[in-house]
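Take a look at the structure below.
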Amino acid sequence: MRNEHREYAVNAVLALGLLAVPLWALWANEPFTITLCTRIAVLALAGVGLNIALGLGGMVSFGHAAFFGLGGYVAGILAQHASSGAPILGLPGSNQMLVIWPVAMLVAGTVAAAIGALSLRTTGIFFIMITLAFAQMVYYFAVSWPAYGGEDGLPIYVRNRFPGLNTMRPWDLFVVSWGLLMAGIGVFALIRGSRFGAALMAIRQNPDRAASVGISPFGVQLAAFALSGAITGLAGALMADLSRFTSPSMLAWPMSGELIVIIILGGVGRVFGPVAGAAILVGFEVTFGGMTEHWKLWLGLVLLGVVLFARGGLLGLIAGRERLG
Amino acid sequence: MSAALFFEQLLNGLQFGLMLFLMSAGLTLVFGVMGLINLAHGSLYMLGAFFCAAAASATGNFWLGLIAGTAAAAAAGALIETAILRRLYTRDHLDQVLATYALILILTEGTKIVFGPFPLYLNTPTLLQGTVNLGLTEYPLYRLALIGFGLAVALGLSLLITRTRLGIRIRAGENDREMIAALGVNIRALYTLVFALGAGLAGLAGALVGAVQAVQVGMGEPVLILAFVVIVIGGIGSIKGAMVGALLVGIIDTMGRFLLPRAFGLFLDPSQATVVGAALASMLIYLLMALILVLRPQGLFPAHA
């Protein structure tokens, strides 16, 4: 059973803790820790996006790497055109995050709508396989198209800009990422509490009943899937700026798996689940990655343990299982 | 473009398609009978290739390697099914995805630890080296043998499914699990057997393909995703669908990569045509899948019509 008070407390700890650690690191002059926290925030934002489709809508997408990577490519491509001065599709490039973000969301959201419209013609196992396959298509297209780096990826020499901040400084970029993460979580919470969210969750639980009270499952799910892709794309644009590199590996299938893992480790459908999940994943990577190059073996064993014995993730353990259905 | 080259590419496509069929057949059976999505099927393909390469280099005999690779993959499959996956049949697909994704991580890293991080090389058997004259073109004997081998396994599998008692049970399991358990069939043993059969087929495919490509970590997942495309096109749970889907994917992918750059060359300059053609060719089978989804979302030959 879910304990609301405990979950609020955990959420507050997660939100403020993610702010406090880099603040301490800023004071202690530990820029690497700030960058780690930025990575957590960006991955968590990508997870928040996927959580709309997977957690609220029950759409198990194994293809969100496509939207994450597309966001990254938007950041990389616009920055490249801004520095070369060459127009793209008749428009100038840009190195302003405030321009890049909406474009990244638009591109990722549009592709998500197209993939969703095809994938939602099926359900269950088919949906998983099809989203995975279409994401692989986007990946192969990116590596076989040499104009923007192909297999080598696309470097971003100077991070894109945000008015009033110097994004080359780790703390400034962290603030931007944390702010966007909180905004993303706010959108997620709004959706979860809205009529739209109620319809989405009703469809997850029983599409036939939802349809019988006049909700169109396809339309609601498609809208949620497109929005989910757009938010994950926004996170991708941030990730490209964080690593100053757009890599085809952002589009590759292991990334999709990582995003699902982030959600499961934190707790499916929980507002702050992706934050907990991203923190666990990055923490795991840093801790065990330093000890052994085979840390993914241990990650695999932990995941297997979570699936078999601790369904509900970290927030489920602390604040009780979510009541689904 | 000569007819010989065209014919050769067509044979390559056929060979690719048959190897995809070996992958897809096991996946689609496991979907059909147990309702399980197994992302680790690609890892079993990889295991088959690694065990084949290791056994072949230890014994100096390719055929022993082939048997070892197939047996190792089947045994790994049986072990995974009894230890882990059988707990997941009643769970939702998300749990299955996550557990089998975890298995990919474990098997991939485990392979790196056991066999080292570098690719292994597997030589084609001496019996099948060289080329053979097919009239239009000289074709590598080993690749021709792969076609024959793939067809033979496909025939064997279809006889197994349609003509044997085990096949009857598998088909019955696809139709109604509870009923065949109630009729006294040991359903758990049947599940393990079906899973091991699928794993063995994947391992066999990995071992066979390992001799024409490098045997390396991560070789399984691209093939796994292609096998998903095959199953979406062919229809879930259907061996016939897997065959048709695999041949379509194999031939269209190979011919697309061969023909599209040439087709664009008719009206673009050569360097541009290569780029556009190659990029489009890499997307072709996914576009085919999209088309099938629009026209027949249940696939060409759904098992449960």
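The values are calculated or read from the model by the stated rules, or taken from the named source; none is laboratory data. Computed from a prediction, not measured in an experiment: that's the story for all the values here. Because the Cβ atoms are built from the backbone with ideal geometry, glycine has one as well, and the counts that use them run over all protein chains shown. Protein only, heavy atoms only, side chains kept; ligands, DNA and RNA dropped before computing areas. Shrake-Rupley method; radii C 1.70, N 1.55, O 1.52, S 1.80 Å.
For the set A:TYR148, A:TYR8, solvent exposure ranked by accessible area (probe 1.4 Å, protein chains only) runs largest to smallest as A:TYR8, A:TYR148. Rolling a 1.4 Å probe across all protein chains gives A:ASP152 an accessible area of roughly 120 Å². Averaged over the residues of peptide B:282-289, the number of Cβ atoms from other protein chains lying within 10 Å of each residue's Cβ is 5. Partner shielding of B:222-229 amounts to 5, given as the average count of beta-carbon atoms from other chains within 10 Å of each residue beta-carbon.
What do you get for the angle between helix B:165-175 and the principal long axis of chain B? Use alpha-carbon atoms, 0 to 90 degrees, nearest ten. Computed tilt is about 90 degrees.
Think of it as helices only: each DSSP H run of n ≥ 4 in chain A is worth -39500 (n - 2.57), and spread over all residues that comes to -24500 deg cm²/dmol at 222 nm.
Rolling a 1.4 Å probe across all protein chains gives A:TRP24 an accessible area of roughly 120 Å². For the pair the range A:148-173 and the range B:212-262, the centres of their Cα atoms are 38 angstrom apart.
Classify chain A as rounded, prolate or oblate from the Cα gyration tensor: take a ≥ b ≥ c as the square roots of its eigenvalues, call it rounded if a/c is under 1.5, otherwise prolate when a/b beats b/c and oblate if not. In terms of gyration-tensor shape, oblate. Other residues with beta-carbon under 15 Å from the beta-carbon of B:THR137 carry, at +1 per Lys or Arg and -1 per Asp or Glu, a net charge of -1. With bins 10 Å wide beginning at 0, the percent of Cα pairs of the protein assembly as shown falling in each bin runs 3, 15, 26, 27, 18, 9, 2, 0. From most to least packed by mean Cβ count within 10 Å, the peptides B:200-210, A:86-96 give B:200-210, A:86-96. Couplings 3J(HN,Hα) for the range A:151-163, derived from phi with the Karplus relation 6.51 cos²θ - 1.76 cosθ + 1.60 (θ = phi - 60°), are 5, 7, x, 10, x, 10, 5, 10, 4, 5, 9, 10, x Hz, where x marks Gly and Pro. Summarise the partner chain shielding of A:257-268 as one whole number: the mean count of Cβ atoms from other chains within 10 Å of each residue's Cβ. For this peptide, the per-residue mean of nearby foreign Cβ atoms is 2. Name the most mobile residue of B:GLY184, B:GLY250, B:GLY26, meaning the one with the largest mean-square fluctuation, in a Gaussian network model of chain B with Cα contacts below 10 Å. Of the options given, B:GLY184 has the highest mean-square fluctuation.
If you take all other residues with their beta carbon under 14 Å from the beta carbon of A:ASP241, and give Lys and Arg +1 and Asp and Glu -1, the sum is +4.
For B:VAL215, the residues whose modelled amide H falls within less than 5 Å of its own, excluding neighbours fewer than 5 places apart on the same chain, are B:LEU120, B:LEU122. Counting only heavy atoms of the protein chains and using a 1.4 Å probe, A:GLU30 has close to 80 Å² of accessible surface.
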